[in-house]
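Contents: one structure, followed by commentary.
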Amino acid sequence: MIEVKALQKKFGKLRVLKGVSICFHKGEVVSVIGPNGSGKTTLIKSILGMIIPDSGEIILNGKSISGDWQYRSQIGYMPQIGRYPDNMKIGQVFSMMRDLRKSDIKPDESVLNSYKIPSLFNKTMRTLSGGTRQKVSAALAFLFNPDILVLDEPTAGLDPLASEILKQHILEAKSKGKCVIITSHIMSEVDELADRIVYMMDGEIAFDKTIKEIKEETGEERLGKAIAKLMKSEIND
Amino acid sequence: MPRLPFLFLIVLLSSHLLRAKTIDVGAAFRFKHPQPAIISAHNGDTVMLHKGIYIVKNLHINKSIVFKGENEPVLDVQMKDFGITITASHVTIEGITIKNSARASMTDYAGIQAMKARHLTLKNNILINTYFGFHLSAIDSSLIENNTLIGSAPDDARSGNGIHLWQCNFVTIRKNKISGHRDGIYFEFARFCHISQNISEKNFRYGLHFMFSDNDTYTNNIFRNNGTGVAVMYTKGIRMEGNIFADNWGSSSYGVLLKDIGNSYITGNTFLNNTTALYLEGSSRIQVVGNTFQNNGWALKLLANCEMDSFIRNKFNGNTFDVSTNGTISLNYFKHNYWDKYTGYDLDRDGVGDIPYRPVSLYASIIEQIPYAVMLLRSFAVDLLDKAEKNIPSLTPDQLKDDSPLMKSPTR
Amino acid sequence: MIKVTKYVIYDIVRNRVLIAYTLFLFLIASTLFNMEEDPSKAIISLMSIVMIMVPLISIVFATTYFFNSYEFIELLVAQPLKRSTILLGEYIGVALSLSFAFFIGIGIPIILFDATATGFVLILSGILLTLVFISLAFLSSVITRDKAKGIGIALMIWFYFSIIYDALMLALLFTFSDYPLEQAMIPIVALNPIDLGRIIIMLKLDISALMGYTGALFKSFFGNSMGIFYTCCIMFIWIIAPLLYSIKVFNRKNL
C-alpha cells in the first residue's frame, strides 16, 4: 500500500534519514519505534507530505506522492499535540474539517461518539485540556474513513479509559483492512496493537520484524525485554 | 414753466437728428458693404451693420462715428489684413464679430487696432482667431468692455496678445474674456488704467503681463490656467485687489511674478493651485495684505533682494511650502498671518500665537538646491529633519518669521 | 482557498489585537478630525500616522499571526490541500481582515469628515501598504522557523523601509547633487513601498509643487492621472512578488 524507497533527509548537517526503505500493507498495524531523534517523526511527516525528502521516493498505491496533494484524502492523521484555531468552538472545528476535505464519503463518527464529543461542541478550543484535544485529534483522524491512519503517540495525553477506547477503534480499523502506522513509546500498547515493529535508530532501520518473529527469536514473552535483547545482539553483531 | 425742459429736449433731439444720421449696411440696404458706408458717413453718424458675413480688408475709421452691429454681423478678414483700424477719437465699435486677421512676424496684425486717439469705446465685440485682439497705441481715456477674445494660435511663437496697450493712459478694461493668445493682457507704458472683472485664461504665456506701467489698478479679475501665470515688471504704484490667480502649473509658472516692482498693494486676492503663488524679486515696499494662499506648491518665493515688504493678515492654507527664499537674511516683515502649519499655542488667549512661526522649512531650502529631493517630501526622515531644524534653526534665515501668527484663519 | 480564507477570517475577527488596532485607528482619526477645524489639515496629520503605523502593525501582526497559527497550518498541510492554496488562503484571510480594520478605523472617519479625493487616495494608499506589508510578513515568516527571529526580521524590514531607506536616499541625493538624478529617482523610489504609498498621496496633495519640475520624465509621471495608476501597478508588484516567493519557499518547507 505504501512503499518508501531509499528516503534521505538532512536538516542542516544532521542526516535524519539515511536511506530508509520500508513497506506498509493493508490490514496491518505497524508500530514505528525508536529513541528520540531516530527519525521516526521525520519518516511519518514525509509520508504526510509535511516534510519534503532530499532524495528517495514514497509510492502510495503505485503512485509517487511527490508534487501530489490529493493522495492525503486517503490518510487520517493524528498529531502528537493537536492545535486548532484558539477562537473556534469544537463543533466549528469539525464542520471546518468536513468543509475543507469536501469528502463525499459518509463520515465515520464512531470515535467522535465514543468520546461523547458532540456534547462539548460549544466549548472553545482555547479552554480545552490536553486530553480533550487529543480526543478531538483522534476523532478527526478517523472521521473521513481513510484507508491509512497515521497516529503519532496517540495515547500520550489520554486517560486509561480513553486510551482503551482508542485501541479498540484501532483494532477495528485494522479488521476493516486499513493500514495503521503508530509511533509509541509504550511497549505494552505496541504489544497489544501492532503486528509488526519497525525499529529506527540514527536515521536507519535497525530492524523490521513481526512481533511474533521478535518473540520467537529472543524467547522473551514480554515485548520490552525482547526488544532490548534484540538491540543488544544487533549492536554486538 | 413746466414745458420748457420738454421743449428743450425736443429741440436738442431734432438738432441731433438733423446732424447725426444712421447708415444701414446689409444685404437689404443700399450699402452692401461697410467700407463705402463709413466713407460716406460724417462725424457723429452711426453705421449700423446688419446680420451677415462681410469680407473686409482693414476697415479704416478716420472719423468720429459709431460702428454698431445688429444680430451679430461678422467681419471676415480671411487672414489677409487688420480687421479695423481706428485713427480718430470718439469712435465706438459695438456688437461686431471680427474673424481671422492676418498673422505675420513683422507686423502686429490685430482684430482692431487704434492709434493716437482718445475717447474710444470698444464694447460687446467678439474677436475670433485674430492675431492680436485689440492693439492700442497712444490712446487716452477709453473703454474696452465686455468683449470676448478667442485666439486660436497654434503655439506661443505664432500668437499675439489679446489686449495690447502701448503708451496709453486712463484706459478702462472690464468684463472682457480673453483666451488662446500669447499674453491675455499686455501693457507697456500704460498708466492710470483700471482693469476689472476680466477673465484671462488659457493663454500661451501670461494671463497678464506688463512693464513700465505705473499706477494701474487691477480689481476682481480672474487669471487662471495660463502658460506661465502673471508676470509684471519695472513698475511702481500698482494696486491688485480681489483678483483670483489660479491653476498656473509649471516650473516657471507663477500666480503672480513681481520683478522690480515698488510701492504697491496686493490685497484681498486669492492664489489657488499655483506651482508658485507669489514670487517677488527685487521688489520693495509691497504691502501684501489679507490674501488667501490655498493649495499652492510654494505660497511665497521671496528673494533676498526684496526689502521692506510687509505680509499681514494673509491666510496660508494647504500649501506644500509656505515661504522659500534664496539667502540667509531677510529684510521683510511678517505679522498676524494665519499659517495652517503653525503648531504653537496661545496661553493668553488673545488669538495670537505665543511663539513665532518660521515659515521657511529646512526641506524647502534643501529642495532649492537639490530639486529631485522633492520625492522625499512628507517622508518620516524629512519630517524628523524639519522638526530638528524648527527647534534649532541653523540653515534657514533667522529673521524670516512671523512673531504674532494668528491662531485662527482671518475671516474676510 | 476560499475555505481556508473563511476560517482564517473566522478566527481573526475575534482576535483582540485586531480589534484594538481598529479602535486605535478609529480613535486617532476621529480625534484628529474633531480637533482640527480644517479637515484637510487633519488628513495631512493622519497621513504621517498612516505611513508609520500601518506598515508596522501590518507586518508585526501578520508575522505573529502566522507563527501563532503554525499548528493550524500544520494541520492543514496534512490534509488533502495544496500548499499554495493554504498559504494564499491564509494571506487573503489576513489581508482582508487587516484591510477591513484599516477601512473601519481610518476609512469611515475620512468618509464622514472629509470625503475628498485626497481622503480616498489616503484610504487607497493605506490599504495597498497593508497588503504589501502582510506579503512581506509572510515572507519573513516562511523563511524562518523561529517566531522571535521572524518578528525580528519583520521589524527590520519595517525600520528599513520607513526610515533607513529614505535617509540613505537623502544622503545619496546630497552626495550626487551635481549629477542628473532625474532618471534614477523614479526607480529608486519604486524600490520602497512606503515611498510609493506616500507618492500616491503626494500626487493629489502636492501636485502644484510637483508640477514645478521640468524633467520630461517627471512631467509624464506626475502630469496626468497615469501617475497614480503607475504607482499602484508598482505597489501590486510589491504585493505579488514577496507573496509568490513565500509560496515557493513554503512549497519546499519542512513543517
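Pull up the range A:1-32, narrow it to residues that are without any contact (Cβ under 8 Å) to a residue 24 or more places away in the chain and of a type outside the set (A, V, I, L, M, F, W, C), then point me to the one that is nearest to the other protein chains (Cβ to nearest Cβ).
A:GLY12
Which condition from (1) closer than 22 Å to A:ILE47 by Cβ; (2) of a type in the set (A, V, I, L, M); (3) surrounded by 14 or more Cβ atoms within 10 Å (Cβ to Cβ) is the one that A:ILE105 breaks?
Tallying (1) closer than 22 Å to A:ILE47 by Cβ; (2) of a type in the set (A, V, I, L, M); (3) surrounded by 14 or more Cβ atoms within 10 Å (Cβ to Cβ), A:ILE105 fails exactly one: (3).
Quick one: how many residues across the range B:342-357 are touching a residue at least 24 places away in the same chain (Cβ under 8 Å) and within 11 Å of chain C (Cβ to nearest Cβ)?
Selection size over the range B:342-357: 1.
For the range B:47-112, please list each of the strands (runs of 3 or more DSSP E) lying entirely inside it that holds at least 2 residues being surrounded by fewer than 15 Cβ atoms within 10 Å (Cβ to Cβ).
Once the strands (runs of 3 or more DSSP E) in the range B:47-112 are filtered for at least 2 residues that are surrounded by fewer than 15 Cβ atoms within 10 Å (Cβ to Cβ), what remains is B:53-55.
Check every one of the helices (runs of 4 or more DSSP H) wholly within the range A:4-117 and list those with 1 or more residues that are touching a Phe, Trp or Tyr at 6+ places or on another chain (Cβ under 9 Å) and either over 30 Å from A:GLY224 (Cα atoms) or among the charged types (D, E, K, R) (or both).
The qualifying helices (runs of 4 or more DSSP H) are A:90-101, A:110-114.
Does the range C:112-131 hold any residues that are hydrophobic (A, V, I, L, M, F, W, C) and touching a residue at least 12 places away in the same chain (Cβ under 8 Å), and which are they?
Hits for the range C:112-131 are C:LEU112, C:PHE113, C:ALA117, C:VAL121, C:LEU122, C:ILE123, C:LEU124, C:ILE127, C:LEU128, C:LEU129, C:LEU131.
Those residues that are within 11 Å of chain C (Cβ to nearest Cβ), among the small types (Gly, Ala, Ser) and surrounded by fewer than 24 Cβ atoms within 10 Å (Cβ to Cβ), I need them from the range B:299-319; list them, please.
B:GLY318
Being within 34 Å of the chain's Cα centre (by Cα), of a type in the set (Ser, Thr, Tyr) and within 14 Å of another protein chain (Cβ to nearest Cβ) is the filter here, so list the residues in the range B:358-412 that pass it.
If the condition is that a residue be within 34 Å of the chain's Cα centre (by Cα), of a type in the set (Ser, Thr, Tyr) and within 14 Å of another protein chain (Cβ to nearest Cβ), then B:SER361, B:TYR363, B:SER365, B:TYR372, B:SER409, B:THR411 are the ones that fit.
If you check C:LEU129, C:LEU122, C:LEU87, C:LEU173, which single one turns out to be surrounded by 21 or more Cβ atoms within 10 Å (Cβ to Cβ), over 17 Å from the mean Cα position of the chain (by Cα) and under 18 Å from C:ASP195 (Cα atoms)?
Being surrounded by 21 or more Cβ atoms within 10 Å (Cβ to Cβ), over 17 Å from the mean Cα position of the chain (by Cα) and under 18 Å from C:ASP195 (Cα atoms) holds for just one of C:LEU129, C:LEU122, C:LEU87, C:LEU173, which is C:LEU173.
Examine the range B:326-336 for a residue that is part of a loop (DSSP other than H, G, I, E, B), modelled with pLDDT of 90 or more and within 14 Å of chain C (Cβ to nearest Cβ), and state whether such a residue exists.
The answer is no, given that none of the residues of the range B:326-336 is part of a loop (DSSP other than H, G, I, E, B), modelled with pLDDT of 90 or more and within 14 Å of chain C (Cβ to nearest Cβ).
For the list (1) within 11 Å of chain A (Cβ to nearest Cβ); (2) modelled with pLDDT under 90, I need the number of the one condition that C:ARG83 fails.
(2)
Which ranges mark the strands (runs of 3 or more DSSP E) fully within the range B:132-210 that have 3 or more residues being surrounded by fewer than 24 Cβ atoms within 10 Å (Cβ to Cβ)?
Those strands (runs of 3 or more DSSP E) span B:132-145, B:163-174, B:185-191.
May I ask you to list the residues in the range A:59-78 that are in contact with a helix residue (DSSP H, G or I) (Cβ under 6 Å, 6 or more places away or on another chain) and in contact (Cβ under 8 Å) with a residue 24 or more places away in the chain?
Within the range A:59-78, A:LEU60, A:GLY76, A:TYR77, A:MET78 meet the criteria.
Please verify whether the range C:206-216 includes one or more residues that are part of a helix (DSSP H, G or I), surrounded by fewer than 20 Cβ atoms within 10 Å (Cβ to Cβ) and within 12 Å of chain B (Cβ to nearest Cβ).
Among the residues of the range C:206-216, at least one is part of a helix (DSSP H, G or I), surrounded by fewer than 20 Cβ atoms within 10 Å (Cβ to Cβ) and within 12 Å of chain B (Cβ to nearest Cβ), which makes the answer yes.
Is there a residue being touching a residue at least 60 places away in the same chain (Cβ under 8 Å), of a type in the set (A, V, I, L, M, F, W, C) and facing chain C (nearest Cβ under 10 Å) anywhere in the range B:276-298?
yes
Scanning the range A:80-111 for residues that are of a type in the set (D, E, K, R) and more than 10 Å from every other protein chain (Cβ to nearest Cβ), which turns out farthest from A:PHE144 (Cα to Cα)?
Top of the filtered list is A:LYS89.
Going by the conditions given, is C:MET202 hydrophobic (A, V, I, L, M, F, W, C), in contact with a Phe, Trp or Tyr (Cβ under 6 Å, 6 or more places away or on another chain) and closer than 21 Å to B:MET375 by Cα?
Considered against the rule, which asks whether it is hydrophobic (A, V, I, L, M, F, W, C), in contact with a Phe, Trp or Tyr (Cβ under 6 Å, 6 or more places away or on another chain) and closer than 21 Å to B:MET375 by Cα, C:MET202 comes out as no.
Restricting the range C:150-203 to residues that are free of Cβ contacts under 8 Å to residues at least 12 places away in the same chain and under 30 Å from C:TYR70 (Cα atoms), which is farthest from the other protein chains (Cβ to nearest Cβ)?
Ranking the candidates gives C:GLY152 first.
So in the range B:248-269, with the set limited to residues that are more than 14 Å from every other protein chain (Cβ to nearest Cβ) and hydroxyl-bearing (Ser, Thr, Tyr), which one is nearest to C:LYS204 (Cα to Cα)?
Step by step, filter the range B:248-269, then rank; the result is B:THR267.
Out of the residues in the range C:3-33 meeting the condition of being surrounded by fewer than 18 Cβ atoms within 10 Å (Cβ to Cβ), out of contact with any helix residue (DSSP H, G or I) (no Cβ under 7 Å at 6 or more places or on another chain) and modelled with pLDDT under 90, tell me which one is nearest to the other protein chains (Cβ to nearest Cβ).
Selected residue: C:ARG14.
Suppose we filter B:LYS259, B:LYS301 for residues that are at pLDDT below 95, of a type in the set (D, E, K, R) and assigned to a strand (DSSP E or B); which single one remains?
None of the others qualify; the one that does is B:LYS301.
Name every residue in the range C:66-111 that is in contact (Cβ under 8 Å) with a residue 24 or more places away in the chain and among the β-branched types (Val, Ile, Thr), in order of residue number.
C:ILE73, C:VAL77, C:THR85, C:ILE86, C:ILE92, C:VAL94, C:ILE104, C:ILE106, C:ILE108, C:ILE110
The values are calculated or read from the model by the stated rules, or taken from the named source; none is laboratory data. Because the structure is predicted, anything quoted here is derived from the model rather than measured. Cβ: placed from backbone, ideal geometry, glycine included. Neighbour counts: every protein chain shown.
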